Amino acid sequence: MRTPPPTMDYQLRLARRQLKQARLLTFLASGETYTSADIAADILGLSRPCAFRTLQGMERDELVKSEEHPLSSGRSIRIFGITSHGAGMAGVDDAPIFQLGRTASGWIPHRLDGQRMRLAAEAAGWRDWMPERMMSGRGMAKVPDAAATNPGGERVAIEIERNAKTAKRYAEIVLAYIQAFKSGTFHHVDFVCPTPQIKEAVQRRVGLVRSVKYAGESVQLTDAHRARFRFFDFDTWPPERAEVANG
């Protein structure tokens, strides 16, 4: 007895599955390398259980690998990273590949926060997002956590600040970005923090930087310099988010 041909329902489900996989692979192959089921759910517009099943299917197809990591909160998280095969299926031949056992657990929340901010920015009309690892080796004095172009066409450095650094460290960061502004690499830098309290602490520490050493000379920071440094919490960045919501 002949096997009946696949029904349209089956073909439609297969096409939808392939589309979901392609969206996740494109995201991972852009330099993000790994993500979580929660963020995959946001990318695909699915519930977390549905996104998790999609990732499990991709793992069976050897498009991604996964591993569990402990977090400082006492919980654990499973991350899914792109394989060489997955990058090939995304049409990218030079993407960073996920390697089991090579990811520092303490760095994962920072990376995932950056991905959440990426989705918020892209929903607000930002484009050409580039994660940190895709900018390494380009001769920058300070490589930001990410860079992207805002709706006004300005190239922006994005720093995800989960904790306030020392004023001394911010003096080094300010100097590096003043050089980047001067060269035209970036128009401004946005410090994006988990909470308003952390944002205020970061802004205060950066404000303590009055001058920097540039080309052997002391340069006093002016209001024009300071206007290039902006501060937000996760709920208020990017500023275009409110415009999209009010729409």
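For the chain, modelled as a GNM whose springs connect Cα atoms under 10 angstrom apart, the maximal fluctuation among S84, S30, S73 occurs at S73. Just checking the listed ones, T26, T222, T54: in the Gaussian network model of the chain with Cα springs under 10 Å, the one fluctuating most is T222.
With +1 on each Lys and Arg Cβ and -1 on each Asp and Glu Cβ, and nothing else charged, work out how big the dipole of region 104-247 is about its Cα centre, in Debye to the nearest 20.
On the way: 22 positive and 17 negative charges, 106 e Å.
That gives a dipole near 500 debye.
Does the chain come out rounded, prolate or oblate by the C-alpha gyration tensor, with a ≥ b ≥ c the root eigenvalues, rounded set by a/c under 1.5 and, if not, prolate when a/b is larger than b/c and oblate if not? Cα axes put the chain in the prolate bin.
Given H placed 1.01 Å from N in the peptide plane, which residues other than close sequence neighbours of D233 have an amide H under 5 Å from its amide H? Under 5 Å from the amide H of D233 lie the amide H atoms of C193, each far enough along the sequence or on another chain. A crude spin-label estimate for the pair E172 and D94, with each label 7 Å from Cα along the Cβ direction, gives 2.9 nm.
For region 113-247, what percent of Cα pairs sit more than 24 Å apart?
Working: 2471 of 9045 pairs.
The answer is 27 percent, as a whole percent.
Between V64 and E59, T83, the built amide H atoms are under 5 Å apart, and every one of these is 5 or more places off in sequence or on another chain. Angle check, please: helix 167-183 long axis (alpha carbons) against the longest principal axis of the chain (alpha carbons), in degrees 0 to 90, nearest 10. The helix 167-183 is inclined about 80 degrees to the chain. Within the straight-line cut-off of under 25 Å between alpha carbons, the lysines reachable from K165 are K142, K182, K199, K213, sequence neighbours fewer than 8 places apart in one chain being disregarded. Computed extension length for R75-H187: 36.4 nm, one decimal, from 0.36 nm per residue of separation with the Cα-Cα distance subtracted. With springs only between Cα atoms under 10 Å, which of Y34, Y170, Y214 fluctuates most in a Gaussian network model of the chain? Of Y34, Y170, Y214, the most mobile in the Gaussian network model is Y214. So which GluC sites (Glu not before Pro) in region 147-194 are both in a DSSP loop and have at most 14 other Cβ atoms within 10 Å of their Cβ? The qualifying sites are E154.
Using r as the Cβ-Cβ distance of R60 and L12, and R0 as 30 Å, what FRET efficiency do you calculate, to the nearest 0.05? The computed FRET efficiency comes out at 0.90. For region 106-184, what class follows from the C-alpha gyration tensor (a ≥ b ≥ c being the square roots of its eigenvalues): rounded when a/c is under 1.5, otherwise prolate if a/b is larger than b/c, else oblate? Because a/c hits 1.5 or more and a/b fails to exceed b/c, region 106-184 counts as oblate. Once the Cβ-Cβ distance of A22 and D235 is raised to the sixth power relative to R0 = 41 Å, the FRET efficiency obtained is 0.85.
Under a model in which nothing but the beta-carbon of Lys, Arg (+1) and Asp, Glu (-1) is charged, the chain shows a dipole of about 280 debye around its Cα centre. Between D128 and A141, the modelled label-to-label distance comes to 2.2 nm, taking each label 7 Å out from Cα in the direction of the beta carbon.
Using only the alpha-carbon atoms, how far is helix 196-207 inclined from the longest principal axis of the chain? Give it as 0 to 90 degrees, nearest 10. Helix 196-207 and the main axis of the chain meet at about 40 degrees. Separation of region 187-206 and region 159-186, taken as the distance between their Cα centroids, equals 11 angstrom. Taking a ≥ b ≥ c as the square roots of the eigenvalues of the Cα gyration tensor, an a/c ratio of 1.5 or more together with a/b no larger than b/c marks region 152-219 as oblate.
Taken together, the values in this text are just the output of simple stated rules run on the coordinates, not laboratory data. On a predicted model such as this, the values are computed, not experimentally measured, just so you know. FYI the Cβ positions are ideal-geometry reconstructions off the backbone, even for glycines, and counts take in every protein chain you see.
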